Amino acid sequence: MNLPRYLEGDRVVLLRPSFIEYEGDFPGFRLTDRGFSLSIANSQKWAEPVTLVLPGFREANHLRIRLASGIRAILNVIHLSTPDQGAFALSLELSEGASLTLTDLYLGTDASVQIVDRFAAMDRGSSLEIATGLIGGSRLTMKDEWDLVAEESRISADLLAIAGTKEQWKITQTTRHLAPETTSSTTNLLISAHDAVVNLAVSGHIGKGNHHSDCQQTNRGVILGEKGVISVEPQLLIDEYDVKAGHGCAIGQINPEELYYLQTRGLTESEAKRLIVAGYLSPLLNKITQPALARQVNRRINRKMKGADL
Amino acid sequence: MSILEIKDLVVSVEGKVILEGINLTVKGGETHAIMGPNGTGKSTLAQVIMGHPKYVIENGEIRLDGVLLNEKTVDERSRLGLFLGMQNPVEVPGVTNFDFVRAAVQAHLPQGQHLRLGKFILSLEDAAKELKMGSGLAHRHLNEGFSGGEKKRNEILQMKLLRPKIALLDEIDSGLDVDALRIVGENVTAMKSPELGMILITHYQRLLDTIVPDVVHIILQGRIVKTGGRELIAKIDAEGYDWLKAELGIETWEEPEKTPVSLGTCATKKPGPLRG
């Protein structure tokens with residue numbers, strides 16, 4: 001498999017079954033029975049974004065990333081398209097004081113089936129900033145479990161999910177505050193183009209004794225087709241008094257008052273709708289620092305939304 | 001010099017007539033104030049001129065420079081030169097102020113002409129500076145998390161960049177503290193020119209002390225019942241609208257009944273045993 005042109009020139013590691021290919025020196029990779037393991041013990045190589053490319057296959061479907069104490073790393077994980085893409089699991093383990101900025105992009109073809117399980121365990125003072133783009137997969141089931149295991153760990157999880165024609169997606173997110181003074185912020189932006197069905201269950205748990213924790217959820221969804229469905233079930237399960245927690249959820253077709261406001265400034269209905277939808281896309285696109293990759297993601301999004309009521 | 005002409009305008013919403021024969025002419029260079037108690041049709045008039053789809057024109061016409069607006073879409077009216085500064089500008093999450101204003105300015109350029117980005121950025125920065133708005137304004141999401149004063153200043157910023165022929169400013173003074181009111185007032189007054197006609201909708205003299213109108217209209221029960229000069233403002237400020245009752249033979253007027261509407265809930269309830 002050749003590297004996609006839009007990744008040429010970037011710091012890229014290609015993860016193939018039984019084989020890891022990269023130019024330059026990226027120590028810490030290992031093949032395992034289930035897939036790949038990456039242990040990052042030195043910040044030097046990882047302070048600039050490194051892109052891990054997964055072609056999408058059935059045989060090796062696990063990526064485990066471990067950061068040693070105090071390490072900072074910036075990673076992109078790109079899941080390329082194959083028609084028979086199966087299950088994939090991502091495990092993240094952040095040691096004390098480690099910090100990971102991760103952009104996780106699923107660009108599978110419309111015909112693919114994806115089952116994705118993601119898990120993070122956060123040690124004391126560690127920080128995970130994860131931005132996820134779900135832009136492919138006709139049948140997608142994603143399950144996230146974020147465990148804030150030790151004090152002062154924090155996670156910020158942003159998701160953009162764009163489901164297109166005949167797609168049915170089920171996403172479950174669970175954030176567990178298992179220690180005091182832990183912080184989580186979850187933002188989900190969902191787009192149902194055409195007749196796509198997206199179900200999201202998002203829950204935050206703050207256990208007893210885990211005081212001064214902060215658990216926030218924001219969920220917004222826009223339905224662009226007459227037959228599209230988005231359902232969100234936000235939950236907060238709090239078993240401690242001295243905490244902050246909140247959730248918000250807004251789902252529907254494009255707000256006619258937003259549309260009107262933009263039109264009063266001269267934008268046509270179509271231009272206004274596109275600008276409103278761009279407001280869903282920009283948080284993810286702004287996080288992709290490589291221009292060629294951002295353009296490719298944008299192209300993929302446009303293809304997915306082609307023919308939507310815009 | 002532009003001219004906005006409203007003739008015999010009758011408007012309904014959900015089958016109920018709310019404007020009953022409005023006649024109004026506003027020319028470039030003129031500033032008109034529209035005053036009146038709550039619920040008498042002031043904001044409705046502004047929305048109808050702008051083309052809000054909620055309202056149905058039952059009779060009459062609205063023309064801008066001779067062009068009949070009745071069937072024009074909202075965006076067409078904007079591009080023809082109308083501007084509505086809103087009482088409650090909506091928040092549009094995710095859309096930056098910069099992207100929005102740029103799209104709006106581009107929309108007003110002749111077809112095929114592209115915005116010169118550098119020039120636009122300088123204009124935006126200048127306008128923001130004149131309105132004493134923070135430097136981070138451009139990259140904030142449109143009206144999201146803005147204070148009342150910031151929202152109103154942002155409306156005026158758009159007006160400065162779009163350079164309308166006729167501007168309708170709907171309670172642009174609400175939510176403004178004394179300093180913000182002065183800044184808005186100075187900026188709007190500085191825009192006065194023979195190329196700009198303005199309609200100010202307000203409850204309060206304080207706005208009209210800073211943006212001085214040429215003509216004052218009072219709306220009651222969906223009609224313009226009195227037109228005069230600035231002396232009307234002082235009279236309203238001192239006496240309210242009671243004196244008009246006597247003058248017009250109106251016993252009472254009631255604010256239109258507003259039906260509360262549930263905006264829904266995101267809460268879910270699942271059946272199950274109670275614990276504890």
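The values are calculated or read from the model by the stated rules, or taken from the named source; none is laboratory data. Because the structure is a prediction, the values reported are computed rather than measured. Here Cβ is always computed from backbone atoms with ideal geometry, including for glycine, and neighbour counts include all displayed protein chains.
Points worth noting:
- Residue within region A:260-271 that is outside any helix (DSSP H, G or I) and touching a Pro at 6+ places or on another chain (Cβ under 8 Å) present: no
- Of all the residues in region A:213-234, those that are assigned to a loop (DSSP other than H, G, I, E, B) and among the hydroxyl-bearing types (Ser, Thr, Tyr) number 1.
- Counted residues, region A:130-145 - those being closer than 14 Å to A:Ile65 by Cβ and surrounded by fewer than 22 Cβ atoms within 10 Å (Cβ to Cβ): 0
- Flag if A:His247 is within 30 Å of A:Glu181 (Cα to Cα) and away from every other protein chain (no Cβ under 14 Å): no
- At least 1 residues being crowded, with 17+ Cβ neighbours inside 10 Å, away from chain A (no Cβ under 13 Å) and hydroxyl-bearing (Ser, Thr, Tyr) is the threshold, and among the strands (runs of 3 or more DSSP E) wholly inside region B:27-114 those reaching it are B:31-35.
- Residue check for B:Glu144: of a type outside the set (S, T, N, Q) and assigned to a helix (DSSP H, G or I): no
- For region B:152-189, the set of residues classified as out of contact with any Lys or Arg (no Cβ under 7 Å at 6 or more places or on another chain), over 19 Å from B:Met50 (Cα atoms) and buried (at least 21 other Cβ atoms within 10 Å of the Cβ) consists of B:Arg153, B:Gly185, B:Val188, listed by residue number.
- Annotation note: of A:Glu258, A:Glu167, the sole residue that is under 20 Å from the mean Cα position of the chain (by Cα) and surrounded by 18 or more Cβ atoms within 10 Å (Cβ to Cβ) is A:Glu167.
- Here region A:251-273 is the region considered, the condition is being more than 8 Å from chain B (Cβ to nearest Cβ) and out of contact with any helix residue (DSSP H, G or I) (no Cβ under 9 Å at 6 or more places or on another chain), and the residue that is nearest to A:Thr186 (Cα to Cα) is A:Ile251.
- Residues that are within 12 Å of A:Ile162 (Cα to Cα) and either among the charged types (D, E, K, R) or in contact with a Leu (Cβ under 7 Å, 6 or more places away or on another chain) (or both), drawn from region A:285-305: A:Val297, A:Asn298, A:Arg300, A:Ile301, A:Arg303, A:Lys304
- Flag for A:Arg139 being at pLDDT below 95, of a type in the set (Lys, Arg) and within 18 Å of the chain's Cα centre (by Cα): yes
- Region A:277-300 residues that are within 14 Å of chain B (Cβ to nearest Cβ) and closer than 24 Å to A:Gly9 by Cα, paired with ones that are of a type in the set (A, V, I, L, M) and not in a helix (DSSP H, G or I) (beta carbon under 7 Å, 6 or more apart): A:Leu284/A:Ala131; A:Leu284/A:Leu160; A:Lys287/A:Ala131
- Qualifying position, being touching a residue at least 24 places away in the same chain (Cβ under 8 Å) and in contact with a Cys (Cβ under 7 Å, 6 or more places away or on another chain), among A:Ile254, A:Ile206, A:Ile238: A:Ile206
- So A:Leu293, is it in contact with a helix residue (DSSP H, G or I) (Cβ under 6 Å, 6 or more places away or on another chain) and either over 28 Å from B:Pro89 (Cα atoms) or among the aromatic types (Phe, Trp, Tyr) (or both): yes
- Considering only residues in region B:123-149 that are within 17 Å of the chain's Cα centre (by Cα) and within 18 Å of B:Thr210 (Cβ to Cβ), the one that is farthest from the other protein chains (Cβ to nearest Cβ) turns out to be B:Gly149.
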